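Heads up, the thing below is written out as structure tokens.
The values are calculated or read from the model by the stated rules, or taken from the named source; none is laboratory data. Here the structure is a predicted model, which means the values were calculated and not measured. Positions of Cβ are backbone-derived with ideal geometry, glycine not excepted, and every protein chain shown enters the neighbour counts.
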Amino acid sequence: MPSPVPLPRRKSLPSRQLIKAGKIALLLWLTLIVIALVSYWLGMFPILQLPLRPFGVFLAISGLICGVSGWLCGRPTKKQIVGVVCIVFIGLNMVAFTGAYALTHSPTPGQWGLGRPKPQSSRQPTDLGLAYTSHRIRVNKAEWIETWLIPNPQPQGTVLLFPGNHGTKGGQLLPPAQVFHDLGYSCLLVDFRGAGGSSGYKTSVGFWEAEDVALALQQAQQLNLPQPLILYGVSMGTAAILRAMAVSEAPFSETGRPEVIATHKVQPAAIILELPFSRLTQAIRSRLSLFPLPTSPMAELLVFWGGIQQGFNGFTHDPITYAKQITAPSLILQGQQDPWTTLAEIEALQKQFRGPTQRVVFPTAGHQLLVTVDPDLWRQEIDQFLRDSRS
């Protein structure tokens, strides 16, 4: 008699129940991630104020434990194990690729797309009683940078101001510009490409923005603005300043994105760095800590795919490395309660500068415009630094 054909082995009831519970928990976790990211990108709801991370970690771990336990009870084959590993790997990379794109791009007006809307200036200098003129720096046939020049009738120098990520000259730079103007300085406020009145709809977290710093300083020299020329940057703007001062490469290309930033290193008289970060990967990791996501390897994947999309190696975009080339007098302003950058990171960054460097910590401030937190302390420290840099 022919031997009976063995029936396919079925998973036991407890195994099926564990797998089902794991699927439900992981589905809830993925739904939570999507809701958090969409709400954050669109600014629909202050979702990050909710305790998402503990709940997300609970769902993820519970789902994995239940799923893996039920799966192992069913004695999976090697093919099934490899399949699951591939699905997890592809899934993480898809989330990272999409997230990197959404965090660095803005949709074109009138079209649907990933990312937050392109930031626009909400105010003008005239709202603060300051006269100004608007200028455009032509980068190539398709790109330009918009600047506002606020002259001072009796200038002691000129401060060039650069905003942070998703910031604009009218939304972020007017408060510090008003103080600089009161202290006797002309001000040149700059919109990076991808923000405000400048062209483009993407950002590179300070890498390609270094070109904009070099071009703005070149414009200040061409306009014969009063010396000394001082650079002031906020968050991402600090990374762009440091890279512009540290990197020395070949001239611009006339097609598409310029290949490099300048024919020579930017040499201002002094720099003021507000809310800097030391390493791009660590900066992203700290921001991911608020989301229901594993900070590692997700931070590394975001840096990798973001670099691929933007055309540079994100793992080498570290201000702490650029700082080793800086000899100009430098002032670092930091909030003690900053959730993104620790004081230990800032201290390590400060040690890399080759020139005289001062650091001022605002005890009650987080990652916010410091002049709006403690205007008196901000003005006092800026005034003293500018006096010292002139002597």
Please go through segment 204-231 and pick out each residue that is buried (at least 17 other Cβ atoms within 10 Å of the Cβ) and on the phi > 0 side of the Ramachandran plot.
-> Val205, Gly206
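Restricting attention to segment 172-203, and to residues there that are among the charged types (D, E, K, R) and either closer than 22 Å to Pro107 by Cβ or under 19 Å from the mean Cα position of the chain (by Cα) (or both), which single residue is surrounded by the most Cβ atoms within 10 Å (Cβ to Cβ)? Outline the logic, then answer.
Restricting attention to segment 172-203, the residues satisfying the condition of being among the charged types (D, E, K, R) are 182, 191, 193, 202.
Retained after the next criterion (residues that are either closer than 22 Å to Pro107 by Cβ or under 19 Å from the mean Cα position of the chain (by Cα) (or both)): 191, 193, 202.
On the way: Asp191: 29, Arg193: 23, Lys202: 16.
Ranking the candidates gives Asp191 first.
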Identity of the residue in segment 85-117, touching a residue at least 40 places away in the same chain (Cβ under 8 Å) and among the polar types (S, T, N, Q), that ends up farthest from Met236 (Cα to Cα) = Asn93
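In this structure, is Phe55 in a helix (DSSP H, G or I), surrounded by 14 or more Cβ atoms within 10 Å (Cβ to Cβ) and at pLDDT below 65?
Numbers: in a helix (DSSP H, G or I): yes; surrounded by 14 or more Cβ atoms within 10 Å (Cβ to Cβ): yes; at pLDDT below 65: yes.
Yes, satisfied.
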If you go through Thr108, Thr98, Thr147, Thr158, the only one that is touching a helix residue (DSSP H, G or I) at 6+ places or on another chain (Cβ under 9 Å) and either at pLDDT below 90 or of a type in the set (Phe, Trp, Tyr) (or both) is Thr98
Criterion (small (Gly, Ala, Ser), part of a loop (DSSP other than H, G, I, E, B) and farther than 20 Å from Thr372 by Cα) met by exactly one of Gly196, Gly167, Gly171 = Gly196
Verdict on Gly206 being over 21 Å from Leu273 (Cβ atoms) and either under 25 Å from the mean Cα position of the chain (by Cα) or not in a loop (DSSP other than H, G, I, E, B) (or both) | no
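With a cut-off of at least 1 residues that are within 16 Å of the chain's Cα centre (by Cα), of a type outside the set (D, E, K, R) and modelled with pLDDT of 90 or more, name the helices (runs of 4 or more DSSP H) lying wholly within segment 279-350.
Working: elements: 280-288, 295-310, 319-322, 343-350.
Per the criteria, 280-288, 295-310, 319-322.
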What are the residue pairs meeting all of these: first residue in segment 173-187, first residue closer than 15 Å to Gln380 by Cα and free of Cβ contacts under 8 Å to residues at least 60 places away in the same chain, second residue of a type outside the set (Ser, Thr, Tyr) and part of a helix (DSSP H, G or I), Cβ atoms under 6 Å, and 6 or more apart or on different chains?
-> Gln178/Leu128
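Please find, within segment 107-135, the residue that is surrounded by the fewest Cβ atoms within 10 Å (Cβ to Cβ) out of those that are of a type in the set (Gly, Ala, Ser) and under 30 Å from Thr158 (Cβ atoms). Steps first, answer last, please.
Step one: of segment 107-135, the residues of a type in the set (Gly, Ala, Ser) are 110, 113, 115, 121-122, 129, 131, 134.
Restricting the remaining residues to those that are under 30 Å from Thr158 (Cβ atoms) gives 121-122, 129, 131, 134.
Working: Ser121: 21, Ser122: 11, Gly129: 8, Ala131: 10, Ser134: 13.
This residue is Gly129.
Looking at Pro329, Pro356, Pro339 in this structure, which one is in contact (Cβ under 8 Å) with a residue 40 or more places away in the chain and surrounded by fewer than 16 Cβ atoms within 10 Å (Cβ to Cβ)? Give the derivation first.
Details: Pro329 fails: surrounded by fewer than 16 Cβ atoms within 10 Å (Cβ to Cβ); Pro356 fails: in contact (Cβ under 8 Å) with a residue 40 or more places away in the chain.
After applying the criteria, what remains is Pro339.
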